Each structure stands twice: as C-alpha cells, then as structure tokens.
Amino acid sequence: MNENLLPPELVALARRVIDENRAAGRRLSVAESCTGGLVSAALTEIPGSSDVFDAGFVTYSDAAKTRLLGVASDVIETFGAVSLATAWAMAHGAVAKSGSDIAVAITGIAGPSGGTDRKPVGTVVFALSRAGDDPEDAVTDQKDFGDQGRGGIRLQAALCALELLLPTGSPEP
C-alpha cells in the first residue's frame with residue numbers, strides 16, 4: 001500500500017526540504033495561489049514535518065492575498081496577481097504573518113483558461129523571502145512551463161517551490 005497521496009518525486013523533494021531545513025535550524029512557511037496547497041500537502045506528507053513547517057497560506061483570490069498576507073491591493077492592480085511584485089509581497093507576508101525564517105510564494109496560471117499573450121497558461125512566478133530581508137534583496141523567478149495541462153503545471157510549480165526552500169536552493173543575498 002502506498003503511504004503517500006502525492007507523486008513520489010514530490011514527496012522525495014519535500015523530505016529533503018524538511019531534513020535539510022531541520023539540520024539548518026530553519027522554520028518555513030508557504031504562500032500558494034495556483035498550487036492550491038500542493039506544496040503544503042507535500043511538506044506535511046513527511047512525518048515530523050511540524051519541526052520545520054510552520055504555516056501554509058492558500059490565497060487563491062486577490063482579496064485573500066490582501067487580507068491574509070497583507071499584499072497591497074495597488075501592487076496587484078498595478079502588476080497583476082501573477083507578477084514578481086505580487087509573489088514577493090506574498091512571500092514577505094508569509095514570513096511576517098507566521099514568524100518563520102523563510103517562505104516561498106507561488107502564483108501563476110495553471111489553465112486551462114486565464115492566460116494572455118503576455119502571461120500564457122503555464123506562466124508561474126516564485127518568490128523567496130527571509131526574515132529581516134531588505135526588499136532590494138528579493139529572490140524572484142518566473143517560469144513558463146508551457147500548456148502541459150493543469151496538473152502538470154501545478155506539479156512543476158510545486159517542485160520548483162520546494163527547490164527554492166532547500167538551503168542550497170535559496171542563495172544568500
């Protein structure tokens with residue numbers, strides 16, 4: 001019987017994130033939009049993850065991003081929900097609201113609709129924030145996973161977010 005609900009590669013990477021952050025003495029949180037809690041689910045598949053994983057915020061709507069993470073509505077209005085600025089504000093808000101050492105944020109367009117010429121389906125934006133970070137030291141990235149289907153995009157986004165949470169995957173400013 002399979003002990004895990006999620007794909008093996010996702011659980012294996014989540015295990016590395018938990019183990020390596022435990023060794024580094026870091027607590028982490030996650031702010032998710034297009035992944036809808038998939039990263040949080042992967043982290044909590046790992047027994048003992050509560051030593052490391054503090055909080056997961058699923059902020060699917062713009063209003064939730066503002067209400068739960070403190071993302072300024074003018075940031076969303078100016079740059080869009082799928083933008084480097086919004087992702088960074090989400091990650092920063094997750095650190096601030098949870099008190100964790102580090103947070104990753106994911107926002108994107110998983111499809112099948114919602115894409116535009118400038119931001120097609122498969123566009124996903126990531127941000128990493130550390131407690132005490134200066135906004136000038138923001139770690140952000142945008143990826144285009146292509147239109148590989150909703151599940152494929154969400155899985156790739158979750159894997160990338162977990163990579164960012166590895167102590168080796170989050171470069172010091």
Could you please let me know if residue 17 is modelled with pLDDT of 95 or more, surrounded by 22 or more Cβ atoms within 10 Å (Cβ to Cβ), among the β-branched types (Val, Ile, Thr) and assigned to a helix (DSSP H, G or I)?
-> yes
The one condition residue 26 fails out of (1) among the basic types (Lys, Arg); (2) under 26 Å from residue 114 (Cα atoms); (3) open to solvent by 10 Å² or more (accessible area, probe 1.4 Å) is (2)
Restrict the check to region 50-70 and report whether at least one residue is of a type in the set (A, V, I, L, M, F, W, C), more than 19 Å from residue 154 (Cβ to Cβ) and in contact with a Phe, Trp or Tyr (Cβ under 8 Å, 6 or more places away or on another chain).
-> yes
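Looking only at region 48-91, which residues are outside any helix (DSSP H, G or I) and without any contact (Cβ under 8 Å) to a residue 12 or more places away in the chain? Talk me through it step by step, then tell me what you get.
First, pick out the residues of region 48-91 that are outside any helix (DSSP H, G or I): 48, 52-61, 70-72, 80-83.
Once the filter is applied, which keeps residues that are outside any helix (DSSP H, G or I) and without any contact (Cβ under 8 Å) to a residue 12 or more places away in the chain, region 48-91 yields only 61.
Is it true that residue 87 is within 16 Å of the chain's Cα centre (by Cα), closer than 17 Å to residue 139 by Cα and surrounded by fewer than 21 Cβ atoms within 10 Å (Cβ to Cβ)?
Details: within 16 Å of the chain's Cα centre (by Cα): yes; closer than 17 Å to residue 139 by Cα: yes; surrounded by fewer than 21 Cβ atoms within 10 Å (Cβ to Cβ): no.
Judged against the criteria, residue 87 is not a match.
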Any idea how many residues of region 92-140 are open to solvent by less than 30 Å² (accessible area, probe 1.4 Å), part of a loop (DSSP other than H, G, I, E, B) and closer than 20 Å to residue 166 by Cβ?
-> 2
What number of residues within region 141-152 are open to solvent by less than 60 Å² (accessible area, probe 1.4 Å) and in a loop (DSSP other than H, G, I, E, B)?
-> 3
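The values are calculated or read from the model by the stated rules, or taken from the named source; none is laboratory data. The structure presented is a predicted model; accordingly, all values stated were derived computationally and were not measured. Every residue, glycine among them, receives a Cβ derived from its backbone with ideal geometry; neighbour counts consider all protein chains shown. These accessible areas exclude ligands, DNA and RNA; they are computed on the full protein's heavy atoms, side chains included. Shrake-Rupley method; radii C 1.70, N 1.55, O 1.52, S 1.80 Å.
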